[in-house]
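Novice: What follows is a single structure, and I will ask about it in a moment.
Here, each number is a calculation from the coordinates, and none is a lab measurement. Owing to the predicted nature of the structure, the values given are computational and were not obtained by experimental measurement. Cβ atoms come from the backbone with ideal geometry, glycine included; neighbour counts cover every protein chain shown.
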């Protein structure tokens, strides 16, 4: 059976433990073999490029190199930021021999070498493309009947990729949710930015952006917002309280990782999916399944 | 060395003499190339002057020159001049060669010594080459007086009428059931706002009745053989299932036809037609066609309403009609196959196809048309509500690396026209979102002024997105257009009822294949390449094939008409000549050396090389051959030679340029 | 001999790995600024910044908060009709201003980025709680309260680990980093 | 170093694009290195690889092949054939022990005088770095080959 090089990323060990739990549970349930990369390091997220471009790429390249060393073909990241960084460093390594040379000079000091031969993928792509919606559909024991889900793609899962796919109005998340028996809503801001690290560096701006996302979801009568990235999830969920204080709103809309929704639909115990760790309770969602 | 070569070096005033020691070069040639047959080396202030030319003619007569080298400007300027001079003096023009020491030496180099040395080398190369030149005669081809015009839009119509009125026969082929093209879909035309149908219909009728025009609609060219003066085109005449000899176009059949079909071609999806139909009331010809995909009878063998109600005797509906193949002879061909509208669904953030009240320019044209699906009423998708506010989005799919890099040219004026019509007919607020307003032709800028005075709003900024997600009360139930107003440097959200996408224009989806069919090339953007972008805009690299209208690039009605007429004039010129002479730069095959391997056959883009089964050798049709020489280079047996650019000539020139000819080569 | 680089070229030079079109290609169409979700919080729109760069208004650009307000959502990049990678240009401007030590007073972005880098260099991993002190005070006492509330909430849910993680091969990792930026000799 | 090495370079141009580009460079008075001597052909597709070998064996230090941009060939697609031959040629040269960099392919449209000029100067510098081409044994080999070929061709008569 195919094995994937799994790169959890820092958040999944702290703020987003539930994403990690649910990912591993669902992967196991669907027979996806995720092998965590040994001694991986932080990819630098978005905070790194402002300091040194080359170092940013090198940090990412180290993880790619470790994965290549394991002789695996696919590099899987559940975090959109990690995914975007890995995706492009990997692509540039192939395109730009000069860059590759600089990076490998640095990696030498760590007895590593990178070729950029990995296929970098986001977790959701693996489930949809490799496992397949049909296969997932078969395994559903607790369809999320009538659950209105706002599919939130966010930014870096799609952008700045430009390959002739539809980055403005993608549909794959919707089709996954439908496969779970849920009802994807037409979520106008599904590819709009959540503010990312502005939540730290420019709180006001970030809260404003989160506010718009929450408002759109509520306007479209969504019961829950599904995310594919810990950063988005934290901004939408953890900071919902601050949005309410800032704008005098009463948002209390659950925000869940798509893996958690998959887990529920696959009949996995909520506890095993880290449900209960959120500040905005996800309980209402469970009602649809059990 | 029996040849006698004359070398003439031009000063071109100081243009050459300024950086090249002209005198020295001429003397050097006479001295160091003597053993190669140079008998005279002259320099002169202006070789192209009549005196300069006479110099050459005199030497040919008196010294009996058999070859001539003129070292001056680029051959593209004066090769013809000097070759005619030689001809006047009785020397075959193709025994004269020009080498460029101005564009390629004196003008581009500063160091006099280096420039002089290079000039010597260049001349030496010319001398070696000209030694291998052969006397040639231009190829003469008779011109068939008929012309094939492909495409019945305004450009094709104009071309056909010009030629037919001049008294020559034209065959006009149109893919759709009627001629008229895009212009027939429009309501008003900018900047004069005269009614499109009113000015187009008379021309269409003329085409229909013209004794010199054979009109083949619902037909496509599938094959083109032959060459300038003598093309043979094979045309598929698709079955109409209507007998055009008896049909009167009375219209009862499409009245009675029970099957409604959404008309995606003429009505841009906004209106319906029947399964048997003519695209519009003024269609030429007036005979309908049956659309087999949707006809109930063809689907399940029942109905036949059209046949039952057809009043003519004998009945004009014939379900057994088959496609016909016709062969047409023509001396020249004019391609005027037009353009496709940019597909706005390719830009999802503009919401076309998702948000009902986002319209394309073509939809809006139909909406404005009194004979259109809304009888000229400007209304929302519900066909009843009149919009109170409208945004017109410019540059949709144009000037954009993600779609088309080029400017579609027509959209600015089209958008201004839309703005005027909306204000005139609905009094709604109109916003034009543009990058630049481009109004370069007669009375265009004045029209822009007019729209400004009528109160149209102009926002300089490319629209970022169109959404229905309201954030403010006033945005509820509206389309929100998000754009930076670059003149005030602010992001604005404009709530409106209707959005019109001024979609750009693209080469026909099948332009490449059609180009191959006729043996002409597409440029990087997919438009057909003209022979010269400025001086020869309607001719192509393939002799006898001309282009007119949007096939050559985006353009509006006046320019398309002008090009149609221009192409016609070029064709008439050819017909008047009766016989034309072609440059004898051609490839030819030496049958004795040809192994019949057929490698060359596939290489020729003009299908000039055919394999003769009986002799098991390939042979080249000189009138089809354009002289590119690819086959010459490819022939493994060295059996193909290119006149004017033979291996011998080029190899000799190489040696000459490298001055290998200076130390006498052993015989 | 020394070449006088235009500001435009200087910025181009700090965009080493990106593969977009040069900033010079900008049509000033405003698609980026019309798209940007953070534009209200910028003192200049992204388009204006590009205009200022091309016109050589270095001081105005460096004094601007525009690029520090960029969330790197790349929406401008994928839409730009001139094919310019605007988001990466914003990164370039951040680098340039940190490098030159010239940026608007009171911005958290630079502090955040630099402490983030330190942290990763020291542990190989990022660790949210450690980040907090570097920025909280910037939000004032009220921000501190909010932050505290959020943080305790997370603590109770066991989402804030108490100890930062370190990677095993830290020494070698730091040697790798050393080959790119000076971080002092191993102690 | 006493005196700088001045390479000799043969340039093959197509009549429709690159030769006109050269003309344009002239009419707009752009200066470039005088080391390149041009040969005009109707199309880059005419380029017989043996021309290049002939030039190199005959004393040229480098050869520049120029033509219309892909998709803009006046003979529709013949420049693609030039491209293929160019790639083949580089392999052959490597086989003969000659730096393949001595042959360069440049696309230049009739409007790209500037490009023609800069590419030319750049190429001259590249060749200058490579130094003179001392085509030793290959020359003999090649010319013998040509004699043999011509002998063989005489046979039928």
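Novice: In whole percent, what relative contact order does the stretch A:141-289 give with Cα contacts below 8 Å and a gap of six or more residues?
Specialist: Result for the stretch A:141-289 is 29 percent.
Novice: Apply 1/(1 + (r/R0)^6) to the Cβ-Cβ distance of residue B:323 and residue D:91, taking R0 = 60 Å, and write down the FRET efficiency to the nearest 0.05.
Specialist: On the way: r = 50 Å, r/R0 = 0.84.
My answer for the efficiency is 0.75.
Novice: Further question: What order do you get for C:60, D:147 when you list them from fewest to most C-beta neighbours inside 10 Å? List each step's numbers first, then the result.
Specialist: On the way: C:60 15, D:147 9.
By the 10 Å Cβ count, ascending: D:147, C:60.
Novice: From the helices alone, meaning DSSP H stretches of at least four residues, give me the mean residue ellipticity at 222 nm for chain B, per-run term -39500 (n - 2.57), in deg cm²/dmol to the nearest 500.
Specialist: Working: 17 runs with 184 residues, N = 667.
-8500 deg cm²/dmol, from helical runs alone.
Novice: So, one more: Kindly put B:7, B:561 in sequence by how many other C-beta atoms sit within 10 Å of each C-beta, fewest to most. Let's see the in-between values first.
Specialist: Values: B:7 28, B:561 20.
The order, fewest Cβ neighbours first, is B:561, B:7.
Novice: Under the rule of -39500 (n - 2.57) per DSSP H run of 4 or more residues, summed and divided by the residues of chain D, what mean residue ellipticity at 222 nm is obtained, to the nearest 500 deg cm²/dmol?
Specialist: Details: 5 runs with 73 residues, N = 157.
About -15000 deg cm²/dmol.
Novice: Could you grab the relative contact order for chain B? Cα pairs under 8 Å, six or more apart, rounded to a whole percent.
Specialist: Details: 1438 pairs, mean separation 93.9, N = 667.
Relative contact order comes out at 14 percent.
Novice: Another question about this same structure. Roughly what % of DSSP beta bridges within the stretch B:154-269 run antiparallel, to the nearest 5? The partial results should precede the final answer.
Specialist: Numbers: 10 of 14 bridges.
Around 70 percent of the beta bridges assigned by DSSP in the stretch B:154-269 are antiparallel ones.
Novice: Report, in deg cm²/dmol and to the nearest 500, the calculated mean residue ellipticity at 222 nm for chain C, where each DSSP H run with n ≥ 4 adds -39500 (n - 2.57) and the sum is divided by the residue count.
Specialist: Working: 10 runs with 97 residues, N = 187.
The helix contribution divided over chain C gives -15000 deg cm²/dmol.
Novice: While we're here: Can you sort B:162, B:134 by how many other beta carbons sit within 10 Å, fewest first? Present the calculation step by step, with values, prior to reporting the outcome.
Specialist: Details: B:162 20, B:134 14.
Starting with the residue having the fewest Cβ neighbours, the order is B:134, B:162.
Novice: Further, regarding this structure: List the equivalent ellipsoid semi-axes of the stretch A:1-119 in whole Å, largest first, each obtained as the square root of 5λ for an eigenvalue λ of the Cα gyration tensor.
Specialist: Numbers: eigenvalues 121, 54, 25 Å².
Ellipsoid half-lengths, sorted descending, are 25, 16, 11 Å.
Novice: Looking at chain B, what % of its DSSP beta bridges pair antiparallel, to the nearest 5? Write out the running numbers ahead of the final one.
Specialist: Working: 51 of 99 bridges.
Close to 50 percent.
Novice: If you build the convex hull over the alpha carbons only and average its shadow over all orientations, what do you get for chain C? Give it in nm² to one decimal.
Specialist: Numbers: hull surface 56.7 nm².
Mean shadow area of the hull around the Cα atoms is 14.2 nm².
Novice: So for the stretch A:3-123, averaging the separation of alpha carbon pairs under 8 Å that are six or more residues apart and normalising by length, what relative contact order in percent results?
Specialist: Details: 177 pairs, mean separation 35.9, N = 121.
Relative contact order here is 30 percent.
Novice: Continuing with this model, one more query. What number results when the radius of gyration of chain B, computed over Cα atoms, is divided by 2.2 N^0.38 Å? Intermediate results must be reported in sequence, preceding the final value.
Specialist: On the way: Rg = 31.8 Å, N = 667, 2.2 N^0.38 = 26.0 Å.
The reported ratio for this selection is 1.22.
Novice: Can you give the Rg/Rh ratio of the stretch B:353-452, where Rg is from the C-alpha atoms and Rh is the Kirkwood radius? Display every interim value, and only then the final one.
Specialist: On the way: Rg = 14.0 Å, Rh = 14.5 Å.
Here the Rg-to-Rh quotient is 0.97.
Novice: Right, something else. P(r) of chain A in 5 Å steps, Cα pairs, percent per bin?
Specialist: Histogramming chain A at 5 Å steps yields 1, 6, 12, 17, 18, 17, 13, 9, 5, 2, 1, 0 percent.
Novice: Can you give me the three principal axis dimensions of the stretch B:587-643 from its C-alpha atoms, in Å, biggest first?
Specialist: Taking max minus min along each principal axis of the Cα atoms, the stretch B:587-643 gives 25, 19, 17 Å.
Novice: Given N residues in chain D, what is Rg(Cα) / (2.2 N^0.38 Å)?
Specialist: Values: Rg = 16.5 Å, N = 157, 2.2 N^0.38 = 15.0 Å.
So chain D has a normalised radius of gyration of 1.10.
Novice: Using all C-alpha to C-alpha distances in the protein assembly as shown, build P(r) with 10 Å bins and read off the rounded percent in each one.
Specialist: 2, 8, 13, 16, 16, 16, 14, 10, 4, 1, 0, 0
Novice: Continuing with this model, one more query. Expressed as an acute angle from 0 to 90° and rounded to the nearest 10, what is the orientation of the C-alpha long axis of helix B:75-88 relative to the principal long axis of chain B?
Specialist: 50
Novice: Here's something else I'd like to know. For the stretch B:239-322, just the Cα set please: Rg and Dmax, both in angstrom.
Specialist: When restricted to Cα atoms, the stretch B:239-322 yields Rg and Dmax of 12.0, 36 Å.
Novice: For residue B:140 and residue B:244, compute 0.36 nm times the residue count separating them, minus their Cα-Cα distance, and round to one decimal in nm. Could you put the intermediate results ahead of the total?
Specialist: Details: separation 104, 0.36 × 104 = 37.44 nm, distance 4.15 nm.
Full extension of this stretch gives 33.3 nm more.
Novice: Once R0 is set to 22 Å, what does the formula 1/(1 + (r/R0)^6) return for the Cβ-Cβ distance between residue B:371 and residue B:450, expressed as a FRET efficiency to the nearest 0.05?
Specialist: Details: r = 26 Å, r/R0 = 1.18.
Efficiency computed from Cβ-Cβ geometry: 0.25.
Novice: Shifting gears a bit: Provide the percentage of antiparallel DSSP beta bridges, counting only those with both residues in the protein assembly as shown; round to the nearest 5. Could the numbers behind the result be given before it?
Specialist: Details: 51 of 132 bridges.
The answer is about 40 percent antiparallel.
Novice: If you line up the long axis of helix A:17-29 against the longest principal axis of chain A, both from Cα atoms, how many degrees apart are they, to the nearest 10?
Specialist: Tilt relative to chain A: about 90 degrees.
Novice: Based on the alpha-carbon gyration tensor of the stretch B:259-371 and its eigenvalue square roots a ≥ b ≥ c, which shape applies: rounded if a/c is under 1.5, prolate if not and a/b is larger than b/c, or oblate? Intermediate values should be presented prior to the final figure.
Specialist: Details: a/c = 2.20, a/b = 1.39, b/c = 1.58.
Oblate shape, in that a/c is at least 1.5 and b/c is the bigger or equal ratio.
Novice: Would you mind computing, in nm to one decimal, how far apart the modelled labels at residue C:43 and residue A:133 are, each placed 7 Å from Cα along Cα→Cβ?
Specialist: Here the modelled spin labels are 4.9 nm apart.
Novice: Is the shape of the stretch A:141-289 best called rounded, prolate or oblate, per the rule: a/c under 1.5 gives rounded, else a/b larger than b/c gives prolate, else oblate, with a ≥ b ≥ c the square roots of the Cα gyration tensor eigenvalues?
Specialist: Working: a/c = 1.72, a/b = 1.18, b/c = 1.46.
It is oblate, given that a/c is not under 1.5 and a/b is not larger than b/c.
Novice: Set the Förster radius R0 to 60 Å, insert the Cβ-Cβ distance between residue B:402 and residue B:32 as r into 1/(1 + (r/R0)^6), and round the FRET efficiency to 0.05. Mind dumping the intermediate values first?
Specialist: Working: r = 60 Å, r/R0 = 1.00.
Efficiency, rounded to the nearest 0.05: 0.50.
Novice: Here's another thing I want to ask about it. Compute the helix-to-body angle for B:411-426: its Cα long axis versus the longest principal axis of chain B, expressed 0 to 90° and rounded to tens.
Specialist: 20
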